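Student: Dropping a structure here in structure tokens format, bear with me for questions.
The values are calculated or read from the model by the stated rules, or taken from the named source; none is laboratory data. A quick note: this is a predicted structure, and the numbers were derived from the prediction, not measured. Backbone-built Cβ (ideal geometry, glycine too); neighbour counts: all protein chains shown. For accessibility, only protein heavy atoms count, side chains too; no ligands or nucleic acids. Shrake-Rupley method; radii C 1.70, N 1.55, O 1.52, S 1.80 Å.
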Amino acid sequence: MDKILRVNMSTLSTAIEPVPAAWAGLGGRGLTSTIVAAEVPPTCHALGTFNKLVFAPGLLSGTAAANSGRLSAGAKSPLTGTIKESNAGGTAAQMLARLGVKALIIEGLPKEDKWYSLHVNKDGVSVQEETELIGKRNFAVIEALEARLGKKTGVLTIGPVGELKMTAANISVKDPDSKLRSHGRGGLGAVMGSKKIKFISIDDQGAPGVKIADPEKFKVAARTFAKALLDHPVSGEGLPTYGTNVLVNILNEAGGLPTRNFTYGRFDGADKISGETMNETITARGGKVRHGCHAGCIIQCSQVYNDKDGKYLTSGFEYETIWGLGADCCIDNLDDIARADSIMDDIGIDSIETAVMFGVAMEAGILNFGDSKEMLRILNDEIGGGTPLGRILGGGAGSVGRAYGVTRVPVVKNQGIPAYDPRSVKGIGITYATSTMGADHTAGYSIATNILNVGGYVDPLKKDGQVELSRNLQIATAAVDSTGMCIFIAFPALDIPECLPALIDMINARFGISLTGDDVTNLGKHILKVEHGFNIGAGFTNKDDRLPEFFTTETVAPHNAIWDFSDIEIDEFWNF
Amino acid sequence: MRITVKLFASFRLGRFKFAEQEYQVGTDCRTIVLALGLTEAEIGVIMVNGRHAALDYVLQEGDTLSLFPLVGGG
């Protein structure tokens with residue numbers, strides 16, 4: 001039977017609870033957001049005793065469904081003050097699902113100034129005091145835990161940035177190669193740090209596994225689903241070959257690649273940091289072009305990037321990180337960006353927030369645009385070392401903007417705007433403005449339809465159709481984020497008619513239920529409304545669903561595009 | 001007329017990244033696509049001067065034509 005594991009850090013006690021009927025049909029984001037909305041007072045301090053950190057595998061995690069190994073983490077975000085869900089690959093989701101853990105809820109704050117770890121196994125969850133690994137960086141934590149508990153142990157960990165409760169801190173998840181994937185956005189690592197939990201280890205020996213109600217139906221649907229993923233040019237060919245970084249060149253061509261802290265829409269050095277160049281470099285140096293973030297991933301958009309001597313430098317090297325430290329910081333040295341990616345993994349900080357932050361820090365004059373060596377030093381010594389400057393920078397783009405009086409600060413609800421200029425790709429601007437998460441491209445990835453010709457085409461430079469596009473994508477994404485599926489299944493789902501019904505068939509076969517497409521859409525709407533309700537309770541209004549002022553006063557080259565949506569037009573988003 | 005042609009992702013294999021080429025006045029995108037040995041079905045995105053365009057779009061002197069297979073990320 002599935003269960004809820006609950007840990008109270010105030011009393012250092014744990015409990016195993018049955019799954020309430022209302023939560024039985026939920027997983028992933030749908031479940032973390034439902035639990036946070038039900039149990040966390042929206043006005044609470046995100047780093048205080050009333051916030052809760054919730055982990056939940058998706059509805060299909062732990063099954064043989066392709067790409068179903070994503071783990072959702074939820075809480076009130078210390079970065080945005082909104083509700084937050086951030087999902088990641090790695091091995092933890094499938095281990096938790098096989099153990100029958102529907103959700104792990106961590107509440108309260110320890111009374112003593114001590115650090116702890118949690119251990120999840122077939123008997124439940126336990127709390128231990130931890131001394132050895134406090135202050136250690138993430139790769140050292142993984143290495144030590146594999147030695148201590150065995151190679152197969154699943155790990156969720158925070159680095160020094162999370163220990164110091166900086167609001168850009170992430171939670172790292174061990175991947176199948178003992179490297180890291182991240183619950184990156186929204187500072188959830190600081191919430192884990194506030195609860196003084198350095199790491200959570202998972203042992204799935206003796207796990208009961210996931211029971212499938214109708215195995216034959218599941219098998220057929222899983223095959224159809226996997227075929228759709230492999231047949232679509234994006235998930236079957238583009239992503240495995242070039243990674244997400246294939247986007248540098250296409251956004252650059254479209255004039256939507258934010259450059260020099262969102263001053264321009266094109267970067268002269270784009271080709272040097274592009275997916276095409278990265279592919280050539282990886283191949284020449286004996287790295288891996290294809291790599292999955294979790295077992296069962298058949299898209300394999302990740303990669304292993306080596307240095308010029310053929311030594312491992314980083315993996316999971318994503319477009320948003322490369323765009324941010326590249327174009328937005330005017331750095332065209334892909335090796336230095338890879339070094340930064342590795343340091344960010346190691347110290348445990350969100351690579352999107354940090355990349356956006358460096359653009360603002362360069363504008364503030366803390367370092368020069370293009371100075372990759374100083375960027376690396378600051379990451380390692382100042383932020384990783386927890387100096388006063390490091391803590392301002394580790395608070396993210398909004399933090400450094402406030403500290404240094406910068407007006408061009410690309411954030412919504414204090415979360416850094418990623419990788420796509422909302423003036424020249426207007427659909428994503430609606431997503432940034434209205435997402436319950438703060439600026440988050442994955443919440444409603446309009447780039448698919450504005451730029452990539454997936455799911456039709458809506459002109460990125462015009463206002464027409466953008467609100468509806470973003471709304472439909474945000475609803476669908478909230479539902480997909482509940483399944484444990486990687487968001488990239490959306491590319492085939494938008495274009496191949498058999499894909500989404502096969503996904504729904506797998507859910508039905510797994511649980512012995514009969515959801516329809518409409519039910520799934522309604523689930524997505526429900527999740528968005530639950531999240532929106534939490535944010536309203538926390539004090540947010542429609543006036544917070546706005547982009548920073550500079551987007552309305554500064555045009556962006558080459559199309560001289562400007563953000564020109566009225567308040568009424570934006571607010572129409574919530575009319576569903 | 002002079003057209004700058006830019007190719008991306010797998011379109012570069014065995015071809016080029018960027019090239020300035022001479023075409024007859026009135027040439028459309030399709031003509032150039034086919035002349036490059038690409039098929040209409042392979043084309044994901046066409047941009048002319050950074051704006052999305054259709055295969056039958058007629059190019060002007062000095063235009064930049066960018067051709068992509070279907071790609072994605074995020």
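Student: Return one whole number: the accessible area per residue of the stretch B:2-68 in Å², for a 1.4 Å probe.
Tutor: 49
Student: To the nearest 0.05, how large is the calculated FRET efficiency for A:LYS151 and A:GLN128 if R₀ is 22 Å and r is the Cβ-Cβ distance?
Tutor: Working: r = 20 Å, r/R0 = 0.92.
So the FRET efficiency works out to roughly 0.65.
Student: Can you figure out the FRET efficiency of A:ASN542 with A:ASP464, using R₀ = 22 Å and their beta-carbon distance, to the nearest 0.05?
Tutor: On the way: r = 22 Å, r/R0 = 0.98.
For A:ASN542 and A:ASP464, the calculated efficiency is 0.55.
Student: Sort B:12-21, A:124-133 by packing, meaning the average of other beta carbons within 10 Å per residue, with the highest value first.
Tutor: A:124-133, B:12-21
Student: Oh, and also: Can you pull the one-decimal nm distance between simple spin-label points at A:LYS114 and A:TRP574, each 7 Å off the Cα toward Cβ?
Tutor: Here the answer is 4.5 nm between the modelled labels.
Student: I would also like to ask the following. Determine the share of the protein assembly as shown's accessible area contributed by carbon and sulfur atoms, expressed in whole percent, with a 1.4 angstrom probe.
Tutor: Answer for the protein assembly as shown is 52 percent, counting heavy atoms of protein chains only.
Student: For the pair A:THR553 and A:ARG377, what calculated FRET efficiency results from E = 1/(1 + (r/R0)^6), where r is the Cβ-Cβ distance and R0 = 35 Å, to the nearest 0.05?
Tutor: Working: r = 34 Å, r/R0 = 0.98.
E between A:ARG377 and A:THR553, to the nearest 0.05, is 0.55.
Student: Here's something else I'd like to know. Considering only the other residues whose Cβ falls under 14 Å of the Cβ of A:LEU257, what net charge follows from Lys and Arg at +1 and Asp and Glu at -1?
Tutor: On the way: positive: A:ARG260, A:ARG266, A:LYS272, A:ARG423; negative: A:GLU253, A:ASP268, A:ASP271, A:GLU320, A:ASP328, A:ASP332, A:ASP421.
Residues close to A:LEU257 contribute a combined charge of -3.
Student: Here is a follow-up. On average, how much accessible surface per residue is there in chain A, in Å², for a 1.4 Å probe, leaving out ligands, DNA and RNA?
Tutor: Result: 32 Å² of accessible area for each residue.
Student: A further question follows. Please state the relative contact order of chain A as a whole percent: Cα pairs under 8 Å, 6+ residues apart?
Tutor: 16
Student: Using a 7 Å offset from the Cα along the Cα-to-Cβ direction at both B:GLU61 and A:ALA144, what is the distance between the two label points in nm, to one decimal?
Tutor: Label at B:GLU61, label at A:ALA144, 7.1 nm between them.
Student: Using +1 at the C-beta of Lys and Arg and -1 at the C-beta of Asp and Glu, which of A:ALA140, A:GLY28, A:GLN128 has the Cα lying farthest in the positive direction of the dipole of the stretch A:3-202?
Tutor: Sorting the options by dipole projection puts first A:GLY28.
Student: Further question on the same structure: So what is the diffusion coefficient of the stretch A:1-105 in µm² per second by Stokes-Einstein at 37 °C and 0.692 mPa s, using a Kirkwood Rh over Cα pairs?
Tutor: Values: Rh = 13.9 Å.
Translational D for this selection: 236 µm²/s.
Student: Let me confirm one metric for peptide A:244-254, namely the mean number of other chain beta-carbon atoms within 10 Å of its residues' beta-carbons.
Tutor: Details: counts 4, 1, 8, 4, 2, 8, 10, 1, 3, 11, 6.
What the average comes to for A:244-254 is 5.
Student: Among A:LEU367, A:PRO18, A:ALA64, flag the residue with its Cα farthest along the positive direction of the charge dipole of the protein assembly as shown, charges on Cβ as +1 for Lys/Arg and -1 for Asp/Glu.
Tutor: It is A:PRO18.
Student: Name the residues of the stretch B:46-74 whose accessible area, probed at 1.4 Å, falls by at least 20 Å² once all protein chains are in place instead of their chain on its own?
Tutor: By number: B:MET47, B:GLY50, B:ARG51, B:HIS52, B:PHE68, B:LEU70, B:VAL71, B:GLY72, B:GLY73, B:GLY74.
Student: A:LYS529 to A:GLU280: extension gain in nm, 0.36 nm per residue of separation minus the Cα-Cα distance?
Tutor: 85.2 nm
Student: Compute for chains A and B the buried accessible surface, both sides summed, probe 1.4 Å, and express it in Å² to the nearest 100.
Tutor: The A and B chains share an interface burying roughly 2100 Å².
Student: Which residues of the stretch B:1-23 show a drop of at least 50 Å² in accessible area when all protein chains are present, compared with their chain alone (probe radius 1.4 Å, heavy atoms only, ligands and nucleic acids excluded)?
Tutor: Checking the loss per residue gives B:ALA9.
Student: If packing is taken as the average number of other Cβ atoms within 10 Å across a peptide's residues, how do A:78-91, A:510-523, A:172-185 rank, most packed first?
Tutor: Details: A:78-91: 27.1, A:510-523: 14.9, A:172-185: 25.1.
By packing density, highest mean first, the sequence is A:78-91, A:172-185, A:510-523.
Student: When the Karplus curve 6.51 cos²θ - 1.76 cosθ + 1.60 is applied with θ = phi - 60°, which whole-Hz ³J(HN,Hα) does each residue of the stretch A:376-383 get, with x for Gly and Pro?
Tutor: Values, residue by residue: 5, 5, 4, 4, 6, 8, 7, 6 Hz.
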